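> My questions all concern the structure below.
The values are calculated or read from the model by the stated rules, or taken from the named source; none is laboratory data. Here the structure is a predicted model, which is why all the values come from computation and not from measurement. No Cβ is skipped: glycine too gets one built from the backbone with ideal geometry, and neighbour counts run over all protein chains shown. Note: areas computed on protein heavy atoms with side chains; ligands, DNA, RNA excluded. Shrake-Rupley method; radii C 1.70, N 1.55, O 1.52, S 1.80 Å.
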Amino acid sequence: DQQVKQNSPSLSVQEGRISILNCDYTNSMFDYFLWYKKYPAEGPTFLISISSIKDKNEDGRFTVFLNKSAKHLSLHIVPSQPGDSAVYFCAASALADSNYQLIWGAGTKLIIKP
Amino acid sequence: EPEVTQTPSHQVTQMGQEVILRCVPISNHLYFYWYRQILGQKVEFLVSFYNNEISEKSEIFDDQFSVERPDGSNFTLKIRSTKLEDSAMYFCASNRRGVYEQYFGPGTRLTVT
């Protein structure tokens with residue numbers, strides 16, 4: 001049972017344009033969401049997070065949008081840069097989970113074309 | 001900036017051998033995790049550890065796996081009798097109480113031949 005889904009295995013975007021990565025979840029208990037970025041042969045790096053009390057969180061070029069009614073979140077990267085080429089993972093957690101366990105999506109490989 | 005470290009970076013072992021993967025989490029973190037990623041596949045949760053005991057484990061984490069925090073700094077994953085399908089990148093992560101952002105180490109590539 002995939003509770004967190006990233007339906008696009010890959011995405012190709014022109015440098016300078018907007019990259020939009022999508023994530024859907026099924027568990028209505030999830031109320032905290034995170035995006036991680038991963039380069040080959042490295043560990044995932046935390047990018048940005050959002051709590052369910054917000055619908056948007058912005059950090060520099062990265063913005064995460066949360067649509068609770070649709071159980072959908074997206075990560076926008078503007079403008080996209082070559083260094084953004086990586087695999088992006090969406091993860092979710094329930095704040096009631098005292099173990100802070102994250103449920104991970106399968107990842108989307110973002111390719112930024114020059 | 002403090003970071004999670006893992007050793008070795010690459011471990012090659014023969015099938016049936018025991019391996020121990022080592023991690024040093026960030027010093028004020030209390031929650032520790034192991035994940036793995038088989039080449040080309042998604043990151044999979046193995047186990048979480050808090051207060052010197054396992055708090056959650058996945059179906060992958062069977063009796064061949066164990067974790068330990070032998071001292072105040074190291075967090076280890078032991079695989080008792082490795083199989084070919086254990087070949088993967090193994091990532092350690094940690095976080096503080098009250099914070100959901102987990103910080104990952106660079107990983108150990110385990111190759112079982």
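> Looking at the range A:9-49 only, could you name the residues that are farther than 24 Å from residue B:94 by Cα, over 12 Å from the mean Cα position of the chain (by Cα), hydroxyl-bearing (Ser, Thr, Tyr) and open to solvent by less than 80 Å² (accessible area, probe 1.4 Å)?
If the condition is that a residue be farther than 24 Å from residue B:94 by Cα, over 12 Å from the mean Cα position of the chain (by Cα), hydroxyl-bearing (Ser, Thr, Tyr) and open to solvent by less than 80 Å² (accessible area, probe 1.4 Å), then A:10, A:12, A:26 are the ones that fit.
> Which strands (runs of 3 or more DSSP E) sit wholly inside the range B:1-104 and have at least 3 residues that are within 14 Å of the chain's Cα centre (by Cα) and within 14 Å of chain A (Cβ to nearest Cβ)? First the steps, then the outcome.
Working: elements: B:5-7, B:10-13, B:19-24, B:31-37, B:43-50, B:53-57, B:65-68, B:75-79, B:88-95.
Fully inside the range B:1-104 and qualifying: B:5-7, B:19-24, B:31-37, B:43-50, B:53-57, B:88-95.
> Name the residue that is nearest to residue B:18 (Cα to Cα), counting only residues in the range B:87-96 that are open to solvent by 10 Å² or more (accessible area, probe 1.4 Å) and in contact with a strand residue (DSSP E or B) (Cβ under 7 Å, 6 or more places away or on another chain). Even if it seems obvious, please write down each step before you answer.
Going through the range B:87-96, the residues open to solvent by 10 Å² or more (accessible area, probe 1.4 Å) turn out to be B:87, B:89, B:96.
Checking which are in contact with a strand residue (DSSP E or B) (Cβ under 7 Å, 6 or more places away or on another chain) leaves us with B:87, B:89.
Numbers: B:87: 13, B:89: 16 Å.
Here the residue is B:87.
> Right, something else. Which members of the range A:77-106 meet the condition of being open to solvent by less than 10 Å² (accessible area, probe 1.4 Å) and not aliphatic (A, V, I, L, M)?
Once the filter is applied, which keeps residues that are open to solvent by less than 10 Å² (accessible area, probe 1.4 Å) and not aliphatic (A, V, I, L, M), the range A:77-106 yields A:80, A:84, A:88, A:89, A:90, A:93, A:105.
> Which strands (runs of 3 or more DSSP E) sit wholly inside the range A:1-43 and have at least 3 residues that are within 10 Å of chain B (Cβ to nearest Cβ)? I'd like the intermediate steps shown before the answer.
Details: elements: A:10-14, A:19-25, A:32-38.
In the range A:1-43, A:32-38 are the strands (runs of 3 or more DSSP E) which contain 3 or more residues that are within 10 Å of chain B (Cβ to nearest Cβ).
> Take the residues in the range B:59-81 that are out of contact with any Lys or Arg (no Cβ under 9 Å at 6 or more places or on another chain) and crowded, with 16+ Cβ neighbours inside 10 Å; name whichever of them is modelled with the lowest pLDDT.
Here the answer is B:69.
> Moving on. Quick one: which strands (runs of 3 or more DSSP E) sit completely within the range A:48-112 and have at least 1 residues that are within 10 Å of chain B (Cβ to nearest Cβ), over 21 Å from residue A:8 (Cβ atoms) and touching a Leu at 6+ places or on another chain (Cβ under 6 Å)?
A:86-93
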